[in-house]
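K.L.:
Questions regarding the structure given below will be posed in turn.
The values are calculated or read from the model by the stated rules, or taken from the named source; none is laboratory data. In this text the structure is predicted, and so the values were computed from the model without any measurement. Cβ coordinates were reconstructed from backbone atoms using ideal geometry, including for glycine residues, and neighbour counts include every protein chain displayed.
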Amino acid sequence: MGGRSDGRGGGTGDAGPDPAPVTVGGAVIAGGTSRRLGTDKRLVTVDGTALLARTVAVLRPFVTGVQVVVADPADGPLVTGVLHEDAGPLTVTVDARPGVGPAAGLEAALAAAAEPLVLVLATDHPTLVPAVLDLLVARARGSTAAAVALAGPRGAEPFLAVYRRAALPTVRAELDAGTRRMQAVLAALDPELVTEAEWRPLDPDGRTLADVDGPDDLAGSG
């Protein structure tokens, strides 16, 4: 597992100022086909806002810039159309391995990243709690692990995680070897986990873990 910050600041006297925090980029994996939902989940609205736009809006305060990662170059106009009112830095990144799935989206995000850390989210978390993301980013800044992920009842959450850009060779090797499940790719990085005991006080109902796979998942998302 990666190391954790000891929480000590620069102090006083001759210690000098604290070093600048490690910069973090953001990536939203938005290349899914939404077969189970029956419609493009990126465009599904919750409280009047498309899921993709909601995710980008919650992510933006924690990162220097956002990538939206898609599987099809033709989706670029869709992304810019959904986010046309957002003036913040945004790029559209396209998977280099069409049809492989979300693990290829992670590979593309790390390959295009300008920052040493990348906070990676799926597009279908309608009720992300900012305080949980803040905890996740803080842990990653103080860790040497290749990835720091939120832990839930299903185990490590690969799309509620911060990855080091330097993890790219391992991710690429897993894909080259035929690995497709994101949980397996994340496990290959020996992630540090932010346990439920740590994040639940910030999100007692576990709203951050909620995702949208089928129509029933939209109930109570507002």
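K.L.:
Could you run through the range 152-162 and say how many residues are free of Cβ contacts under 8 Å to residues at least 60 places away in the same chain and in contact with a helix residue (DSSP H, G or I) (Cβ under 6 Å, 6 or more places away or on another chain)?
P.N.:
3
K.L.:
Continuing with the same structure: Go over the candidates Arg180, Arg139, Arg200 one by one and state the one that is of a type in the set (Lys, Arg), more than 23 Å from Val68 (Cβ to Cβ) and over 15 Å from the mean Cα position of the chain (by Cα).
P.N.:
Arg200
K.L.:
Is it true that Leu186 is without any contact (Cβ under 8 Å) to a residue 40 or more places away in the chain and within 14 Å of the chain's Cα centre (by Cα)? I'd like the intermediate steps shown before the answer.
P.N.:
Values: without any contact (Cβ under 8 Å) to a residue 40 or more places away in the chain: yes; within 14 Å of the chain's Cα centre (by Cα): yes.
Yes; evaluated as a whole, the condition is true for this residue.
Every residue, every condition in (1) modelled with pLDDT of 85 or more; (2) in contact with an Asp or Glu (Cβ under 8 Å, 6 or more places away or on another chain); (3) of a type in the set (Phe, Trp, Tyr), yes or no:
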residue: Arg4; (1), (2), (3): no, yes, no
residue: Ala15; (1), (2), (3): no, no, no
residue: Thr23; (1), (2), (3): yes, yes, no
residue: Val28; (1), (2), (3): yes, no, no
residue: Ala50; (1), (2), (3): no, no, no
residue: Phe62; (1), (2), (3): yes, yes, yes
residue: Val69; (1), (2), (3): yes, yes, no
residue: Ala74; (1), (2), (3): no, no, no
residue: Asp86; (1), (2), (3): no, no, no
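K.L.:
May I pose another question? Step by step: first the residues of the range 163-183, then only those that are without any contact (Cβ under 8 Å) to a residue 40 or more places away in the chain and farther than 16 Å from Ile29 by Cβ, then the one that is surrounded by the most Cβ atoms within 10 Å (Cβ to Cβ). Which residue is that?
P.N.:
Thr170
K.L.:
Further question: Any residue that is farther than 27 Å from Ala53 by Cα and either surrounded by fewer than 16 Cβ atoms within 10 Å (Cβ to Cβ) or not aliphatic (A, V, I, L, M) (or both) - is there at least one of those in the range 121-143?
P.N.:
yes
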